[in-house]
1. Report the trypsin sites (Lys or Arg not before Pro) located in segment 76-127 that are in a DSSP loop and have at most 15 other Cβ atoms inside 10 Å of their Cβ, or state none.
2. Which residues make up the longest stretch of the chain that has no GluC sites (Glu not before Pro) in a DSSP loop with at most 14 other Cβ atoms within 10 Å?
3. Within the set LYS6/LYS132; LYS6/LYS68; LYS64/LYS127; LYS6/LYS117; LYS81/LYS127, which residue pairs have Cα atoms separated by over 23 Å?
4. How much length, in nm to one decimal, is gained on full extension between GLN8 and ASP90, taken as 0.36 nm per residue of separation minus their Cα-Cα distance?
5. FRET efficiency for LEU44 and SER134, Cβ-Cβ distance as r, R0 = 22 Å, nearest 0.05?
6. Pairing the Cα long axis of helix 124-141 with the longest principal axis of the chain, what angle in degrees results, from 0 to 90 and rounded to the nearest 10?
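Just so you know, all these numbers are worked out from the coordinates, no wet-lab data involved. Keep in mind that what you see is a predicted model, and the values were worked out from it rather than measured. In this analysis, Cβ positions are derived from the backbone assuming ideal geometry, glycine residues included, and neighbour counts consider all displayed protein chains.
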Amino acid sequence: MEHIFKQQVSYCDTDAFGVVWHGSYLRWLEMGRIGFCDNMGLNLIDLQARDIVMPVTNINVRYKASAKAYDNLIIKTTLSKITPLSVTFDQTIMNEETGLVYIQAVVDVVSVNNDGKLYRRFPAIVKNAFDKISEEALLCSV
């Protein structure tokens, strides 16, 4: 499964030279992961009401090129690894017209309760959603 959305770079996402500020990419990556979870049926607000929060524990971003004001972006999010404790997302931000890759990111996420205590295993509602994605991926590869 992959989640794709489009985003136009706003002037406020850039520095004085019209180049995207590095932190703007992180917000778009987060939007991609939220959309991915929504598509799986995991609404993050509903999860928080169930005492489940899914924070980022590791993020590795490789900046390859600079997006500019008013560029049209594609943000692609896929799952690359699922363990009982964490999931790893692969994410790419590229130019919609040219396909030029601006960044590639690998992001690890875990689940904690609302007090910040780590769940050693994903709660059932989260585990079941990720298991379903894994099963679908296996069926598609056969």
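1. Values: sites: LYS76, LYS81, LYS117, ARG120, ARG121, LYS127; in loops: LYS117, ARG120, ARG121.
Sites meeting the loop and neighbour criteria: LYS117, ARG120, ARG121.
2. Values: sites that count: GLU96, GLU97.
The longest uninterrupted stretch comes out as 1-95.
3. Violating the 23 Å Cα-Cα cut-off are LYS6/LYS132; LYS64/LYS127; LYS6/LYS117.
4. Values: separation 82, 0.36 × 82 = 29.52 nm, distance 2.09 nm.
Length gained between GLN8 and ASP90: 27.4 nm.
5. Working: r = 20 Å, r/R0 = 0.92.
With a Förster radius of 22 Å, E is 0.65.
6. Once rounded, one gets 70 degrees.
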